[in-house]
Amino acid sequence: MAKEKKGVRLEHISKIYKDPKSGKDFYAVQDTNLEIEPGSFVTLLGPSGCGKTTTLRMIAGFESPDEGEIYLGGEPINALTPNKRDTAMVFQSYALLPHYNIFDNVAYGLKLRKMDPEVIKSKVADILALVGLEGMENRMTNQLSGGQQQRVALARALVIEPGVLLFDEPLSNLDAKLRVSMRTEIRRIQQEAGITAVYVTHDQSEAMAISDKVIIMNKGVVEQVATPHEAYYYPKNKFVADFIGEANFIEATVVAQDMVQVDGVNLKCTTGTLSTGSRCDIVLRPEGAFLADEGDLSGLVEYSCFMGAYQDYHVRVGHNLVKIQEYNPKNKKIYNVGDKVFLNFEENTLYAL
Ligand code: ATP
């Protein structure tokens, strides 16, 4: 549906704001380099205030960078106003025209471009079918549910066939269940439209569910760009490991290539470029270990709770408190607080930083 899938490139982009409290300048975004492939779905992810929205708004042209250059489809765009950029934005607040019907909301951008009314009619009908609002042209937007309003907002953005679609926390105003179904819808629509999408969220499960790549930001800096799988299993640092899913960090020493030692016990662990003898932290996901009467590392159960899908444990191992989730507890031996246990690790789950 898009005229042309366009990539986005950020080269050494910085944005400086004045902190209203201290009056001092600070980097909301600092020296950011990004390459977003044409047709891909990427998500800017990170805690509140890390610079996600500022980055998105600089791509849209609502903010201008203080340093660096942004390219769209290989062309520099810093000097272009938002309406001259080949982008469209879907906002958290939907930004619909309340006293207009769906047709007029969706057709708005096409009318501004002075398109032939018959062409507009057919384009609007096509887009409404794509977003699941087929035949609803005459409904007033103030009579729609939140999810339907979000679909109209998406249709409005898509109908002008932008090279890149930008999303600023588009699902924040929806309830939890609808968020989950709408994110699947957004991904389907993006793939069917074959459009490049840049999406802002602070919800890591949302980012994991819809993205080809996640861009994890912290304090104005990009920490890692990776597929959700890479970010989960091979986080670049403790911040990423902690932000994407849950992580335990266990202090260890590298004793050989792909071997670490914890409390005198050798464990198989991916060590990457870490050198023998160096101190490291092992990243252990809660589902990456299980408890047994014998095994790799001894510990003491300090917490044990049935959660339905899994049994939740906290196990004291030396001075580390390790959180374990054992799935399908009905078929497993359950340990209680005070039990002496051994942690056993699933194949290929330990990863050292
Ligand atoms: P959130 O998830 O809360 O929306 P974010 O990651 O999108 O956060 P930004 O909105 O990009 O963060 O803001 C980055 C930093 O810049 C924050 O500290 C914010 O307070 C600050 N900031 C944003 N806009 C301005 C502005 N116009 N003037 C001054 N400071 C600003």
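Can you tell which of D339, D263, D19 shows the greatest fluctuation in a Gaussian network model of the chain with Cα springs below 10 Å?
Comparing D339, D263, D19 in a Gaussian network model of the chain, the most mobile one is D19.
Relative to the longest principal axis of the chain, what angle (0 to 90°, nearest 10) does the C-alpha long axis of helix 146-159 take?
Approximately 60 degrees, to the nearest ten.
Which angle from 0 to 90°, rounded to the nearest 10, does the C-alpha axis of helix 117-130 make with the longest principal axis of the chain?
Taking the Cα atoms of the chain, the angle to 117-130 is about 20 degrees.
With springs only between Cα atoms under 10 Å apart, run a GNM on the chain and tell me which of S278, S304, S211 wobbles the most.
Per the Cα network of the chain with a 10 Å cutoff, S278 tops the list.
Where does helix 176-193 land angle-wise versus the long Cα axis of the chain, in degrees 0 to 90, nearest 10?
So the helix axis and the longest Cα principal axis differ by about 60 degrees.
At 7 Å along the Cα-to-beta-carbon direction for both K238 and E37, put a label point, then send me their distance in nm to one decimal.
In this crude spin-label approximation the distance works out to 3.3 nm.
Lysines within cross-link reach of K84: Cα-Cα under 22 Å, excluding same-chain residues under 8 positions apart?
K3, K5, K6, K15, K111, K114, K123
Beyond 27 Å between alpha-carbons counts as too far, so tell me which of K268/K323; K177/K213; K177/K219 fall in that bin.
Violating the 27 Å Cα-Cα cut-off are K177/K219.
Could you give the nm distance between label points at K121 and T184, where each point is 7 Å from its Cα heading toward the beta carbon?
If labels sit at K121 and T184, their model points lie 3.6 nm apart.
What is the magnitude of the charge dipole of the chain about its Cα centre, with +1 placed on the Cβ of each Lys and Arg, -1 on the Cβ of each Asp and Glu, and no other charges, expressed in debye to the nearest 20?
With Lys and Arg at +1 and Asp and Glu at -1, about 940 debye.
Return the percentage of antiparallel bridges among DSSP beta bridges fully within region 247-352, rounded to the nearest 5 %.
Antiparallel bridges: around 95 percent, rounded to the nearest 5.
Can you tell me, using C-alpha contacts under 8 Å and at least 6 residues apart, the relative contact order of region 47-88 as a whole percent?
In percent, rounded to a whole number, it is 33.
Quick check: Cα centre of region 203-238 to Cα centre of region 294-353, how many Å?
26 Å
Could you give the length gained on full extension between E75 and F91, defined as 0.36 nm per residue of separation minus the Cα-Cα distance, in nm?
3.3 nm
Report the antiparallel proportion of the DSSP beta bridges in the chain as a percent, rounded to a multiple of 5.
Roughly 75 percent of the beta bridges in the chain run antiparallel, per DSSP.
Using alpha-carbon positions, what is the distance between the centroids of region 121-192 and region 85-117, in Å?
Result: 12 Å between the Cα centres.
Full extension from V337 to Q143: what is 0.36 nm times the residue separation minus their Cα-Cα distance, to one decimal in nm?
Answer, rounded to one decimal: 64.4 nm.
FRET efficiency for Y17 and Q261, Cβ-Cβ distance as r, R0 = 41 Å, nearest 0.05?
Between Y17 and Q261 the formula returns 0.30.
Please work out how much length the chain gains when fully extended from K114 to N348, using 0.36 nm per residue of separation minus the C-alpha to C-alpha distance, in nm with one decimal.
Length gained, K114 through N348: 78.4 nm.
Throughout, read-outs are computed from the coordinates displayed, never taken from laboratory work. Remember, predicted model here, so these are calculated numbers, not experimental data. We place every Cβ from the backbone using ideal geometry, glycine too, and count neighbours over all the protein chains shown.
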